[in-house]
Ligand code: 13P
């Protein structure tokens with residue numbers, strides 16, 4: 001029998017949302033143990049430990065308030081305890097914390113375990129750009145799949161219909177991951193393109209920052225649609241530049257691609273923060289602290305990581321939107337400079 005576990009540093013409602021879905025599903029799956037352990041970064045809420053609150057009241061009052069978790073989701077404050085017996089490890093946390101988590105659990109993972117990453121971020125190293133599944137695989141030496149889609153966590157927790165995409169190379173493993181996540185309101189489609197799925201999930205956050213700038217400038221729907229279109233094409237161009245034939249074009253039309261760009265550019269936190277950035281003149285980290293109550297975002301960090309990659313490759317002129325967004329975030333360029341040089345020809349991509 002498989003044993004699922006989810007890792008969630010808190011800091012993001014998606015980890016708890018995923019545990020809620022998987023907990024409900026495993027209770028009905030004969031092939032899986034009933035308990036889902038979820039690692040929760042311990043903190044005090046009104047003087048009580050968050051893990052104790054989750055395990056008695058079955059609500060993550062801090063990061064997913066108002067949504068009951070099934071009783072078989074058990075919060076633990078120790079990441080090693082969460083993954084020790086797990087055959088199926090769900091990795092969800094803001095990407096800036098991943099290496100620390102991997103270093104912590106390294107050596108405590110079952111040799112037959114496999115993982116799935118729900119992280120929407122990328123890493124930069126000496127070897128260039130690294131996806132989260134590559135990083136997890138490199139550290140833990142287990143098979144790693146990806147899950148990403150037009151998935152605003154609170155809407156999923158309200159059980160409003162949506163789709164998601166699982167990228168998994170092994171068809172048998174894909175069936176197992178699908179059985180853990182699929183519900184009538186969370187429709188999973190599997191593709192054999194692990195890194196295509198995660199590039200989409202990470203790069204769309206940069207586009208969402210651009211969309212938020214447009215909202216902050218009160219420029220309306222046509223302008224935002226233009227930014228979404230160009231951003232989507234730059235996402236595809238960059239993913240192809242990095243991974244070339246390793247990515248399937250059709251992945252961009254899955255929920256993890258076009259649909260996630262749309263939902264994040266209209267309803268995401270990255271969009272909201274970028275709008276406030278324009279309207280208040282405050283820095284992104286300051287706004288994150290003031291507005292998001294402990295949650296951490298990826299968009300402006302990914303804009304910096306993308307820029308350092310395209311700059312080191314000498315191809316910034318192929319990515320004018322990503323470059324402009326970077327310069328607005330990090331180099332004090334005014335938000336209306338987002339339009340500079342956007343008349344790019346994508347017809348041969
Ligand atoms: P934000 O992190 O901008 O809220 O985006 C959520 C998301 O990824 C929706 O799929």
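Beyond 16 Å, what percent of the Cα pairs of the range 244-308 remain?
Across the range 244-308, Cα pairs with separations above 16 Å total 58 percent.
Calculate the spin-label point distance for residue 158 paired with residue 80, positioning each point 7 Å from the Cα along the beta-carbon direction, and give it in nanometres.
So the label points at residue 80 and residue 158 sit 4.2 nm apart.
Describe numerically, in nm with one decimal, the distance between label points set 7 Å from Cα along Cα→Cβ at residue 141 and at residue 344.
4.0
What FRET efficiency comes out for the pair residue 331/residue 71, r = Cβ-Cβ distance, R0 = 41 Å, nearest 0.05?
0.20
Compactness ratio of the range 85-139: Cα Rg over 2.2 N^0.38 Å, N = residue count?
The value comes to 1.10.
Report the residue, chosen from 69, 29, 102, that carries the largest GNM mean-square fluctuation when the chain is represented by alpha-carbon nodes joined by springs under 10 Å.
For the chain, modelled as a Gaussian network with Cα springs under 10 Å, the answer is 29.
Once the piece of chain linking residue 183 and residue 248 is laid out straight, how much longer is it, given 0.36 nm per residue of separation minus the C-alpha distance between them?
Taking residue 183 through residue 248 to full extension adds about 20.8 nm, to one decimal.
Over all directions, what mean area does the Cα convex hull of the range 97-192 project, stated in square nanometres?
7.0
Listing 180, 110, 147 from the residue with the fewest other Cβ atoms within 10 Å to the one with the most, what is the order?
In increasing order of surrounding Cβ atoms, one gets 110, 180, 147.
Which order results if 49, 160, 37 are arranged by neighbouring Cβ count within 10 Å, fewest first? Intermediate results must be reported in sequence, preceding the final value.
Details: 49 15, 160 11, 37 25.
Ranked by crowding around the Cβ, least crowded first: 160, 49, 37.
Convex hull over the alpha-carbon atoms of the range 305-349: what's its volume per residue in Å³? Mind dumping the intermediate values first?
Numbers: hull volume 3.1 nm³, N = 45.
In the range 305-349, the Cα convex hull volume per residue is 69 Å³.
Taking all pairs of distinct Cα atoms, average 1/r, flip it, and tell me the Kirkwood hydrodynamic radius of the range 213-273 in Å to one decimal place.
Details: mean 1/r = 0.0798 Å⁻¹.
Hydrodynamic radius (Kirkwood, Cα pairs) of the range 213-273 is 12.5 Å.
Does anyone have the angle between helix 320-330 and the longest principal axis of the chain? Alpha-carbon axes, 0 to 90°, nearest 10?
70
With a 10 Å cut-off between alpha carbons and a GNM built on the chain, which of 66, 314, 167 moves the most?
314
Rg (Å, one decimal) plus Dmax (Å, integer) for the alpha carbons of the range 1-135?
14.6, 46
Highest mean first, how do 191-198, 337-344 rank when packing is the count of other Cβ atoms within 10 Å averaged over residues?
Working: 191-198: 24.4, 337-344: 14.2.
With the highest mean Cβ count within 10 Å placed first, the list reads 191-198, 337-344.
So what's the angle, to the nearest 10 degrees on a 0 to 90 scale, between helix 299-312 and the longest Cα principal axis of the chain?
That helix lies at roughly 60 degrees to the long axis.
Please give the per residue volume of the convex hull enclosing the alpha carbon atoms of the range 202-335, rounded to a whole number of Å³.
About 103 Å³ per residue, rounded to a whole number.
Looking at the chain, send over the antiparallel percent of its DSSP beta bridges, to the nearest 5.
Taking every DSSP beta bridge with both residues in the chain, the antiparallel ones total about 25 percent.
Ranking 139, 165 by Cβ neighbours within 10 Å, fewest first, what do you get?
Ranking 139, 165 by Cβ neighbours within 10 Å, fewest first, gives 139, 165.
Could you work out [θ]222 nm for the chain from helices alone, using -39500 (n - 2.57) per DSSP H run of at least four and dividing by all its residues? Round to the nearest 500 deg cm²/dmol.
-14000 deg cm²/dmol
Choose one answer from 153, 82, 30: the residue with the largest mean-square fluctuation in a GNM of the chain with alpha-carbon springs under 10 Å.
30
Pairing the Cα long axis of helix 220-243 with the longest principal axis of the chain, what angle in degrees results, from 0 to 90 and rounded to the nearest 10?
70
Provide the gained length on full extension for the span residue 106 to residue 34, in nm with one decimal, where the gain is 0.36 nm per separating residue minus the Cα-Cα distance.
23.5 nm
Can you list the equivalent-ellipsoid semi-axes of the chain, largest first and in whole Å, using the square root of 5 times each Cα gyration tensor eigenvalue? All intermediate terms of the calculation are to be shown ahead of the outcome.
Values: eigenvalues 214, 102, 65 Å².
After diagonalising the Cα gyration tensor, the semi-axes are 33, 23, 18 Å.
No lab work stands behind these numbers, since they all come straight from the coordinates. Predicted model, so just to flag it, every value in this text is computed and none were measured. Every residue, glycine as well, gets a Cβ built from its backbone with ideal geometry; the counts of neighbours run over all protein chains shown.
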